[in-house]
Amino acid sequence: MFSFQHPVQIHFGQGIFSELNDVLSSYDHSSYIIVMSNSQIENGLDRLVKSQLGDRIKDVVTDINPNPTLDNVQKIVNVMEQHEADCVIAIGGGSTMDAAKAACAVYLQSIDINHLLEHEDFSRALPLIAIPTTSGSASEVTPASVISDKSNGLKVPLIGQGLYPAAAIVDPELTLTCPPRITATSGIDVLCHALDCLGSANKNPVSDAIAISAAKLAFENLERVYHEPMNIEARENMALASMMAGVAFSQTGTAAAHAFSYYLTSNYDVPHGEACAFTMDAWYVVNAGLDPRLDEHAKMIGFSGAEALSERFNSLKKKLGLALTFDDLGIDRADMETIIGRGLEAANMKNNIAQPDKEEVLQFLSVK
Ligand SMILES: [Zn+2]
């Protein structure tokens, strides 16, 4: 038995950003706060938005940290309160969208920012229009927002139906300016979303079908966008793969590869996608050993089986300049026990098909 519900209205296509005014005309909003990444201000997207929406834009908030903080969220909320705008538009990567999502909930529910990370009810938030400029986080189609509290080093995923954006506007042309390193780390995250979804204990036939299609697109196009950043066809395929993988994992949650990424990111500053990819190839094979469907999924993606998929994932990491070993990450092997402990403790580890103990994980991580 399973249920599947996805509430985000998705608008997808090359050039759709230049028709923003038309797309938004089907929604009943009269004033907007824009939250935008600094790189998109440099690319002139703020001028493009203003040329379309004019004085319905009440303010533009920038300077969101790569790991968005409580201060970032409060800054957006302050601007929302000042203008009483009825909708927020987030234009940027995962951090920009996540900060805006959290702000929409804080604003509508009057949540005390100092207690945001302990708050549990995210069923309601002001409407958000999410416009991604990278192919990776898929925050535009998920009910999650990851916020950091710098004062105590906490990084907490907030999850709730209200954190789904009202709409996602996905224009692959906006990813053309994404630099190669970010294209690689966010692109490998697309694969980790799709493959974690297939390795999830909550998988269902619909999430499987979407995740398989997303993984196939990403395997076929990620190397191309890395080497040919202006290849719009490959960019479109990655944008599609990212959005689809997001729809899939919004239903299942992520699993072991993500569970093992958080400590690598928070303690060693490894970018999110690279941290997830570090163990993803191993987890796919471990999960396939317990659930033969993963072998079938690998065949549908275009490989001879789970082992071949895992090998291709590993060689892809190498070609994209991503870490393969603890030495590549600059991490002392003496830290391995702690890394494994933190990974096994993470909440989404419970979503994973395989539930190995410390010794078993130590065995397959030791080869790195
Ligand atoms: Zn991810």
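Helix-only arithmetic for the chain: the sum of -39500 (n - 2.57) across DSSP H runs with n ≥ 4, divided by the residue total, places the mean residue ellipticity at 222 nm at -16000 deg cm²/dmol. Using a probe of 1.4 angstrom, how much of the accessible area of the chain is carbon and sulfur, in percent? That share works out to 49 percent. Largest mean-square fluctuation among PHE260, PHE249, PHE326, in a Gaussian network model of the chain whose springs join Cα atoms under 10 Å apart, belongs to PHE326. Computed from point charges on the beta carbon alone (+1 for Lys and Arg, -1 for Asp and Glu), the dipole magnitude for region 290-368 about its Cα centre is near 380 Debye. Each Lys and Arg adds +1 at its Cβ and each Asp and Glu adds -1 at its Cβ; summed about the Cα centre, the chain shows a dipole of about 340 debye.
Taking the Cα centre of region 179-366 as reference, the dipole from Cβ charges on Lys and Arg (+1) and Asp and Glu (-1) amounts to some 380 debye. Given a cut-off of 26 Å, what percent of all Cα-Cα pairs of region 9-174 lie beyond it? Cα-Cα pairs in region 9-174 separated by more than 26 Å: 18 percent. Note that the chain carries a Kirkwood radius of 20.6 Å, evaluated over its alpha carbons pair by pair. Could you give log10 I(q)/I(0) at q = 0.21, 0.22, 0.33 Å⁻¹ for region 118-159, computed by the Debye formula over C-alpha point scatterers of equal weight, without solvent? One equal scatterer on each Cα of region 118-159 leads to -0.86, -0.91, -1.18. Other residues within the sphere of radius under 12 Å centred on the Cβ of VAL8, judged by their own Cβ, net out at 0 (K and R +1, D and E -1). Solvent exposure of the chain, expressed per residue, is 41 Å² of accessible area, with all protein chains present and a 1.4 angstrom probe.
At what distance in angstrom do the alpha carbon centres of region 27-82 and region 300-326 lie from each other? Cα centroid of region 27-82 versus Cα centroid of region 300-326: 38 Å apart. A cut-off of 5 Å between modelled amide H atoms, ignoring neighbours fewer than 5 places along the same chain, links VAL146 with LEU158.
Could you compute how fast region 179-366 diffuses translationally, taking Rh as the Kirkwood radius over C-alpha pairs and applying Stokes-Einstein at 4 °C with viscosity 1.567 mPa s? Give it in µm² per second.
Reported coefficient: 80 µm²/s.
Applied to region 346-354, the Karplus parametrisation 6.51 cos²θ - 1.76 cosθ + 1.60 on θ = phi - 60° returns per-residue 3J(HN,Hα) values of 4, 4, 6, 4, 5, 6, 7, 4, 7 Hz, with x for Gly and Pro. Secondary structure note: in the chain, about 25% of the DSSP beta bridges are antiparallel. Once the other residues with Cβ under 10 Å from the Cβ of ALA288 are scored (Lys, Arg +1; Asp, Glu -1), what is the net sum? The answer is -3.
Stretching the chain fully between ARG312 and THR325 yields a gain of 3.1 nm (0.36 nm per residue, less the alpha carbon separation). Counted over region 43-161, the DSSP beta bridges are approximately 50% antiparallel.
Angle of helix 272-290 to the longest C-alpha principal axis of the chain, folded into 0 to 90 degrees and rounded to 10: 50°. Protection proxy ranking, highest mean first, for peptides 180-188, 45-53: 180-188, 45-53, where packing is the per-residue count of other beta-carbon atoms within 10 Å, averaged. Dipole orientation for region 154-288: of the candidates ALA277, SER186, SER200, SER200 has the Cα lying most toward the positive pole (charges on Cβ; Lys, Arg +1; Asp, Glu -1).
Farthest toward the positive end of the dipole of region 179-366, out of ILE339, PHE249, LEU309, is the Cα of PHE249, where the dipole comes from beta carbon charges about the Cα centre.
Applying both filters, DSSP loop and at most 15 other Cβ atoms within 10 Å, to the GluC sites (Glu not before Pro) of region 89-193 gives GLU120. Ordering 154-162, 357-365 by mean Cβ neighbour count within 10 Å, with the highest value first, yields 154-162, 357-365. Using the Cβ-Cβ distance between ASP71 and ASP121 with R0 = 22 Å, the FRET efficiency computed as 1/(1 + (r/R0)^6) comes to roughly 0.45.
The values are calculated or read from the model by the stated rules, or taken from the named source; none is laboratory data. What you see is a predicted model; the values in this text were computed from it and never measured. Cβ: placed from backbone, ideal geometry, glycine included. Neighbour counts: every protein chain shown. Please note that ligands, DNA and RNA were not included when accessible areas were found on the heavy atoms of the full protein model with its side chains. Shrake-Rupley method; radii C 1.70, N 1.55, O 1.52, S 1.80 Å.
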